[in-house]
């Protein structure tokens with residue numbers, strides 16, 4: 001198998017993959033996964049290393065005593081994204097993907113996001129502290145961007161998993177809240193203090209995702225494990241109705257896109273402009289166009305395939 005063919009096999013369907021991941025993060029991550037494949041290093045260890053890169057990025061962002069600290073901050077953010085992609089690719093190459101691995105990966109994303117957003121906010125607010133009005137304005141933008149950023153990525157994650165469930169026979173990833181709770185109950189006797197933390201983060205994510213999701217789109221289903229088995233005709237019809245919003249989701253609202261943008265604007269020391277772009281520009285698109293378009297796609301898509309979504 002050629003290097004290119006092997007790389008293609010390590011990807012999820014391109015309908016849901018973020019372009020920035022396909023063309024930037026994942027090619028580099030695939031090379032790292034190839035190096036690690038014959039070693040005893042597990043995908044979960046790789047996940048933990050992505051957290052280390054994220055923490056180093058945060059240190060660089062706030063420590064102005066480091067020469068070119070913003071450039072190094074952007075570099076470590078970028079490395080964190082590459083390593084974050086490598087864990088999943090390595091797991092798929094070894095055929096060892098697991099629910100726990102996905103939970104740990106989600107926790108790593110949350111930790112890295114909190115660190116780089118908090119440290120980036122400190123840097124932005126230091127640059128705009130010349131008056132209390134300016135400081136208050138940027139503080140509001142920070143809160144708005146951080147809060148809605150989690151809504152963006154969580155919503156993309158939901159529609160990605162839903163799309164894969166109904167349009168692809170091979171990739172049936174993700175689980176809903178009810179399934180996650182049942183799985184936790186079955187593993188309760190094996191739960192360690194570390195696993196308690198992982199489960200808390202994972203279930204907190206589910207809770208916030210479900211609450212917002214039911215308002216954002218009442219025509220979808222949060223119970224993806226209740227969906228019928230794959231059917232080729234059903235997949236064709238559902239894809240036809242939902243491919244347009246999915247292109248917007250994967251192009252602008254995924255974790256990879258968010259992190260790459262953060263890394264780029266940090267490296268050129270323009271995080272304030274990235275803050276304005278995310279808090280104002282993307283939210284206008286998210287609430288103004290994507291929400292009504294996705295609602296229509298969900299309603300018409302489920303009606304067309306004859307499935308009544310369970311909320």
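Just so you know, all these numbers are worked out from the coordinates, no wet-lab data involved. Only a predicted model underlies this, so the values are computations on that prediction, with no experimental measurement involved. Note: ideal-geometry Cβ built from the backbone for every residue, glycine included; neighbour counts use all protein chains shown.
Using the C-alpha gyration tensor of the stretch 21-134, what are the square roots of 5 times its eigenvalues, in whole angstrom, with the largest one first?
One finds semi-axes of 32, 14, 11 Å for the stretch 21-134.
Rounded to the nearest 10 degrees, what's the angle between the helix 26-36 long axis and the longest principal axis of the chain, both from Cα atoms, 0 to 90?
90
Ranked highest first by average number of other Cβ atoms within 10 Å, how do 82-92, 280-290, 68-78 line up?
82-92, 68-78, 280-290
Need the full-extension length gain, residue 240 to residue 169, defined as separation in residues times 0.36 nm minus the C-alpha distance. One decimal, nm.
Contour length minus the Cα-Cα distance gives 23.9 nm.
What distance in nm lies between label points placed 7 Å from Cα along the C-beta direction at residue 28 and residue 134?
In this crude label model, residue 28 to residue 134 measures out at 3.3 nm.
Calculate the spin-label point distance for residue 41 paired with residue 194, positioning each point 7 Å from the Cα along the beta-carbon direction, and give it in nanometres.
Once both label points are built, they end up 1.7 nm from each other.
Among 208, 131, 98, whose mean-square fluctuation peaks in a Gaussian network model of the chain (Cα, cutoff 10 Å)?
Taking springs between Cα atoms under 10 Å, the residue moving most is 131.
Going by average Cβ neighbours within 10 Å, how do the peptides 107-115, 20-28 rank, with the highest at the top?
Descending packing order for the listed peptides: 107-115, 20-28.
Between residue 280 and residue 96, what FRET efficiency comes out of the Förster formula 1/(1 + (r/R0)^6) with R0 = 45 Å and r the beta carbon distance, rounded to 0.05?
0.60
For the residue pair residue 127 and residue 299, what label-to-label distance in nm results when each label sits 7 Å from Cα along the Cα-to-beta-carbon direction?
Output for this residue pair reads 4.3 nm.
Taking neighbour Cβ counts within 10 Å as the exposure measure, how do 94, 299 sort from fewest upward?
94, 299
Angle check, please: helix 69-94 long axis (alpha carbons) against the longest principal axis of the chain (alpha carbons), in degrees 0 to 90, nearest 10.
Approximately 20 degrees, to the nearest 10.
Could you give the length gained by full extension between residue 4 and residue 311, i.e. 0.36 nm per residue of separation minus their alpha carbon distance, to one decimal place?
Separation in residues times 0.36 nm, less the Cα-Cα distance, equals 106.4 nm.
With all pairs of different alpha carbon atoms counted, what Kirkwood hydrodynamic radius in Å does the chain show?
When all Cα pairs of the chain are included, the Kirkwood radius is 20.5 Å.
List 190, 18, 303 from most exposed to least, where exposure is judged by having the fewest other Cβ atoms within 10 Å.
The most exposed by this proxy come first: 190, 303, 18.
How far is helix 132-167 tilted, in degrees, relative to the longest principal axis of the Cα atoms in the chain, given as a value from 0 to 90 rounded to the nearest 10?
The helix 132-167 is inclined about 20 degrees to the chain.
Rounded to the nearest 0.05, what FRET efficiency do residue 186 and residue 214 have when you use their Cβ-Cβ distance and R0 = 25 Å?
0.40
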